[in-house]
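*Asks:* The following block contains the structure, expressed as structure tokens.
The numbers here are math on the coordinates, done by the rules we state, and not lab data. What you see is a predicted model; the values in this text were computed from it and never measured. Here Cβ is always computed from backbone atoms with ideal geometry, including for glycine, and neighbour counts include all displayed protein chains.
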Amino acid sequence: MELNVIGQDDHQDTGSSCSSGSCGSSNDQMGHLPQEIKDKVKNHPCYSEEAHHYFARMHVAVAPACNIQCHYCNRKYDCSNESRPGVVSELLTPEEAVMKTKAVAANIPQMTVLGIAGPGDPLANPERTFSTFRMLSEQAPDIKLCVSTNGLALPDAVEELSKHNIDHVTITINTVDPEIGAKIYPWIYWNNKRIHGVKGAKILIQQQQKGLEMLVAKGILVKVNSVMIPGVNDEHLKEVSRIVKSKGAFLHNVMPLISEAEHGTFYGVMGQRGPEPEELQDLQDACAGDMNMMRHCRQCRADAVGLLGEDRGEEFTMDKIAAMDIDYDAAMKKRAVIHQGILEELDEKEAKRARLASASVPAAAKPDTRPVLMAVATSGGGLINQHFGHATEFLVYEVSPNGVRFISHRKVDQYCIGGDTCGEKESALSGSIRALKGCEAVLCSKIGYEPWSLLEDAGIQPNGEHAMEPIEEAILAVYEEMRVDGRLDATPAHVAELAKA
Amino acid sequence: MALSIVDSCVNCWACYDVCPSEAIYESKPHFKINARKCTECEGDYDQPQCASICPIEEAILDASGAPMNALGTLTGIPPEKMAEAMREIQSR
Ligand code: SF4
Ligand code: SF4
């Protein structure tokens with residue numbers, strides 16, 4: 001049986017799992033985009049599922065002030081639009097931020113993107129944000145710049161943004177309906193006044209939409225982030241997805257609400273729950289019909305450093321940076337060579353996929369086996385290279401006769417902080433198992449005896465036989481084994497139960 | 001007449017940026033208002049700007065020492081609900 005990794009041309013024969021022809025696979029997410037946009041996002045770890053295994057990003061926390069309040073945010077901590085709640089980032093001056101960026105770029109040559117995402121709203125801190133960008137454009141022109149915003153101050157910033165050669169902007173848009181907005185945003189600061197409720201939400205929504213249109217008109221790439229809040233905006237996000245796409249956003253990223261009472265947020269304290277992984281996936285699938293979805297966003301913190309899912313911020317605190325002696329010109333040369341190497345590797349992979357796709361069996365000849373979810377423990381490089389017990393998150397893929405597509409990452413710690421989502425003293429191990437709900441196999445480099453048997457009991461087959469192999473090929477191999485063993489004939493009870501719910 | 005900033009301030013800089021009188025300054029452990037410079041925004045705005053943008057309840061006090069933004073008015077969390085959640089978390 002010849003299975004291919006879903007390529008750009010097999011949109012027609014989507015399996016039952018895939019509600020729409022345009023449900024992008026991990027690699028195909030960008031399939032519909034014009035070439036110049038594809039080129040722009042190719043080595044951006046936050047935009048390309050593929051690139052995020054290879055390239056690194058960093059955030060600098062230079063923007064402390066905010067101009068709105070969101071119900072999922074507690075201002076004692078970082079902004080949770082872009083960051084994890086309950087986290088306080090190291091606030092830097094623009095000069096310190098530039099020093100730090102150069103130090104990281106010299107030490108982690110894979111670092112291609114510098115983002116400002118908080119801890120407040122970057123555009124509510126225009127001087128701090130723009131002076132950082134201005135200095136970096138001059139001193140480190142090989143670093144891409146991006147910025148995330150709630151959108152309120154966006155229309156006024158577009159002109160300035162277009163000057164600084166910032167080609168990626170993320171807007172968090174949770175609704176286009178002021179009534180829903182009032183349930184998410186208690187107030188905004190606007191024209192020197194605090195404006196509460198529906199009136200404030202309406203202004204925010206108008207500014208977001210206007211800002212989106214203005215950016216698109218300027219040729220600046222726009223990604224839209226939405227926080228999925230069950231019972232508040234979950235159904236509505238399908239409409240949001242449709243609208244932002246029609247206005248020219250190139251990617252829509254639906255993120256789960258993270259809400260615990262100890263975060264002290266409105267939603268946390270009032271008992272608003274976040275979505276279950278499968279609810280999130282269903283919504284992402286539904287939105288994918290209208291729009292390319294991004295599924296690998298890590299909601300990283302405002303001072304995160306490294307590959308997505310990892311944070312090497314500790315190595316680059318201001319006192320450690322002060323002790324480093326950075327020759328940025330030399331670093332830039334080294335960086336260029338390394339970037340070129342990675343791009344060549346990515347091109348090779350793409351060419352291989354294209355070959356496989358063109359050689360693939362016609363739809364009728366494909367076995368009609370059911371789709372399966374599998375989880376992978378990886379520390380980057382597109383390989384299965386992490387010990388089960390070291391994984392703080394798993395990448396979940398769906399595999400079917402149509403190939404492999406990336407579905408989501410699932411954090412382990414997210415499910416074992418106590419409270420009503422799990423038992424009082426749930427161990428990290430049962431947290432991992434919970435995070436793998438709905439999966440039938442987990443691929444890792446190694447796994448201990450105890451988790452092995454617990455996973456088996458939970459109906460999840462542990463697999464350490466594909467260590468150091470490329471993720472997609474290994475998943476296809478395991479799927480084929482399952483087919484040969486007859487394990488694809490019937491859906492296991494624990495998976496069927498989820499599908500019913 | 002002047003406003004003042006107290007301990008619950010989280011040093012977010014928002015008030016500093018919007019004060020028309022440059023009365024707010026960075027200080028440890030938190031931002032402060034220079035009482036001689038603060039005009040309560042009279043002549044510039046209807047509402048004191050610092051208190052209109054500050055996200056933290058009870059961080060800014062009026063001249064009489066009463067909070068400009070009372071508990072529950074910014075987050076929308078009823079104070080008794082917050083107290084209950086805090087008790088619950090501490091008892092774990
Ligand atoms: S009341 Fe007005 S003048 Fe006084 S500190 Fe606040 S913003 Fe400044
Ligand atoms: S806006 Fe409030 S919390 Fe922020 S620095 Fe000023 S007083 Fe402190």
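*Asks:* Determine, for each peptide in A:484-492, A:219-227, the mean count of other beta carbons within 10 angstrom over its residues, then list the peptides with the highest first.
*Replies:* A:219-227, A:484-492
*Asks:* Let me ask another. Could you pull out every residue, at least 5 positions away or on a different chain, whose amide H is within less than 5 Å of the one on A:HIS409? Hs are placed 1.01 Å off N in the peptide plane, and Pro or chain starts have none.
*Replies:* The list, which skips near neighbours in sequence, is A:VAL396.
*Asks:* Ranking request for peptides A:339-351, A:198-210: highest mean number of other beta-carbon atoms within 10 Å first, then the rest in descending order.
*Replies:* Most protected by this proxy first, the peptides run A:198-210, A:339-351.
*Asks:* Follow-up question, since we're still on this one. As a quick test, which of the pairs A:LYS76/A:LYS202; A:LYS163/A:LYS334; A:LYS100/A:LYS320; A:LYS76/A:LYS411 have an alpha carbon distance above 18 angstrom in this structure?
*Replies:* Violating the 18 Å limit, Cα to Cα: A:LYS76/A:LYS202; A:LYS163/A:LYS334; A:LYS76/A:LYS411.
*Asks:* Related question: What is the mean number of Cβ atoms from other protein chains located within 10 Å of the Cβ atom of each residue in peptide B:70-76, rounded to a whole number?
*Replies:* Whole-number average of other-chain Cβ neighbours for B:70-76 is 5.
*Asks:* I'd like the isolated cysteines in chain B, meaning no second cysteine's beta-carbon lies under 4.7 angstrom from theirs.
*Replies:* B:CYS9, B:CYS12, B:CYS19, B:CYS38, B:CYS41, B:CYS54
*Asks:* Filter the GluC sites (Glu not before Pro) in region A:184-280 to those in DSSP coil with at most 15 other Cβ atoms within 10 Å of their Cβ, and list the result.
*Replies:* Numbers: sites: A:GLU213, A:GLU235, A:GLU239, A:GLU260, A:GLU262, A:GLU278, A:GLU279; in loops: A:GLU235, A:GLU260.
When the GluC sites (Glu not before Pro) of region A:184-280 are filtered for loop state and at most 15 Cβ neighbours within 10 Å, A:GLU235 remain.
*Asks:* Remind me, what semi-axes does chain B give for its equivalent ellipsoid, largest first in whole Å, using sqrt of 5 times each Cα gyration tensor eigenvalue?
*Replies:* Values: eigenvalues 152, 39, 23 Å².
In descending order, the three semi-axes are 28, 14, 11 Å.
*Asks:* Enter the angle in degrees (range 0 to 90, nearest 10) between the Cα long axis of helix B:79-90 and the first principal axis of the Cα atoms of chain B, meaning the one along which they spread out most.
*Replies:* It is inclined by approximately 60 degrees.
*Asks:* Enter the mean number of other protein chain beta carbons within 10 Å of the beta carbon of each residue in B:8-19, as an integer.
*Replies:* 5
*Asks:* Determine the sum of side-chain charges near A:LYS163: Lys and Arg each +1, Asp and Glu each -1, restricted to other residues whose C-beta is under 11 angstrom from that of A:LYS163.
*Replies:* Value of the local net charge: 0.
*Asks:* Give the value in nm², to one decimal: projected area of the alpha carbon convex hull of region A:369-500, averaged over all directions.
*Replies:* Averaged projected hull area, Cα only: 7.8 nm².
*Asks:* Taking each residue of A:115-123 in turn, how many C-beta atoms of other protein chains fall within 10 Å of its C-beta, and what is the average?
*Replies:* Partner Cβ neighbours, averaged per residue: 1.
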